[in-house]
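Below you'll find the structure, written out as structure tokens, and then a few comments.
The values are calculated or read from the model by the stated rules, or taken from the named source; none is laboratory data. Just so it is clear, the model here is predicted, and its values are computed rather than measured. In this analysis, Cβ positions are derived from the backbone assuming ideal geometry, glycine residues included, and neighbour counts consider all displayed protein chains.
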Amino acid sequence: MSAHAKPRMIVRASGLFADSITFVPMAHDRFATLRQSLPRIWKLLSELEPTFRIQTVSEIDGDFIERNDIRGILWDVDGTLMSYHAKDIDQQFPHIRALFRDGPARHAILSNCDEVRFDVLAGMFPEVPVVRGYATPNEPVFRYKLGGTDTHSPEEIQHILSHNGVQIRKPSGELIRYGMQLLGVDDPDAMLMVGDQYLTDIASANLAGARSAKVPTFRRETFPFPIRVSQRVERVLYALRTSRSPRRH
């Protein structure tokens, strides 16, 4: 069994889940992330400052990881490692696969994608866990796929979705904490979330007390118009936020 593989885990809220999300139906709604964030937008505006501002994913290499004492990395995908719904990591970032296999940290994928794209990503990244979460009427359920192995059967997922289960979407501190647990990282300061969006990737890390690396959206023009509108709103919100110092360097 891979070093990443662990038994299925169902984690009870126990008060920790409250900061994670405003629940939204699981649907192909390209404004869902923005809409779910609006009820707590003032809190989120104080959680948008990244630890690192990086011009390209190419800068996140073994030296960067070791220099900053990073032990675990959660990666956003579309707009971070590739264009929108591409079929593989962009050729501009050939070192990423080597990092996944042999790098000094452990890695996982964390995307706000739908169920179909989740399956695609699991096939695209067989060497690392692809992480997902669901809110149910009783307790949050966390899931990952790794190398063809799924912590939950199709029947279990169908049961969750047909019984008022909804996707846990970034921004979510609880998703980051689950990623830490999965990757065996105890110290939030040793955990890094890499992504192109302030409101999802950076806010998630800050909600969990982890570190974050903000990269420019890769090939923004490939994203559907509604998503580009949402991204534009996010950039305006960031520009309007109260000025704060970066959390950690």
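Key figures for this structure:
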| read-out | value |
| --- | --- |
| Test: Ser46 is at pLDDT below 95, over 18 Å from the mean Cα position of the chain (by Cα) and at negative phi | yes |
| Segment 164-175 residues that are on the phi > 0 side of the Ramachandran plot, paired with ones that are surrounded by fewer than 23 Cβ atoms within 10 Å (Cβ to Cβ) and assigned to a loop (DSSP other than H, G, I, E, B) (beta carbon under 9 Å, 6 or more apart) | Asn164/Thr136; Asn164/Pro137 |
| Lone qualifier among Lys145, Lys87 - being surrounded by 14 or more Cβ atoms within 10 Å (Cβ to Cβ), of a type outside the set (Phe, Trp, Tyr), out of contact with any His (no Cβ under 6 Å at 6 or more places or on another chain) and closer than 28 Å to Ile65 by Cα | Lys145 |
| Hits in segment 146-171 - residues which are outside any loop (DSSP other than H, G, I, E, B) and among the β-branched types (Val, Ile, Thr) | Thr149, Ile157, Ile160, Val166 |
| Counted residues, segment 60-97 - those being closer than 21 Å to Gly123 by Cα, of a type in the set (Asp, Glu) and out of contact with any Cys (no Cβ under 9 Å at 6 or more places or on another chain) | 3 |
| Selection within segment 120-169 - of a type in the set (Lys, Arg) and either more than 19 Å from the chain's Cα centre (by Cα) or modelled with pLDDT of 95 or more (or both) | Arg132, Arg143, Lys145 |
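One line per residue, one yes/no per condition, for (1) under 19 Å from Leu175 (Cβ atoms); (2) part of a helix (DSSP H, G or I):
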| site | (1), (2) |
| --- | --- |
| Asp88 | no, no |
| Arg101 | no, yes |
| Ala122 | yes, yes |
| Tyr144 | yes, no |
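Yes or no, residue by residue, for (1) buried (at least 24 other Cβ atoms within 10 Å of the Cβ); (2) acidic (Asp, Glu); (3) under 12 Å from the mean Cα position of the chain (by Cα); (4) assigned to a helix (DSSP H, G or I):
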position	(1), (2), (3), (4)
Asp186	no, yes, no, no
Asp189	no, yes, no, yes
Val194	yes, no, yes, no
Asp201	yes, yes, yes, yes
Ser204	yes, no, yes, yes
Leu207	no, no, no, yes
Thr217	no, no, no, no
Glu221	no, yes, no, yes
Arg228	no, no, no, yes
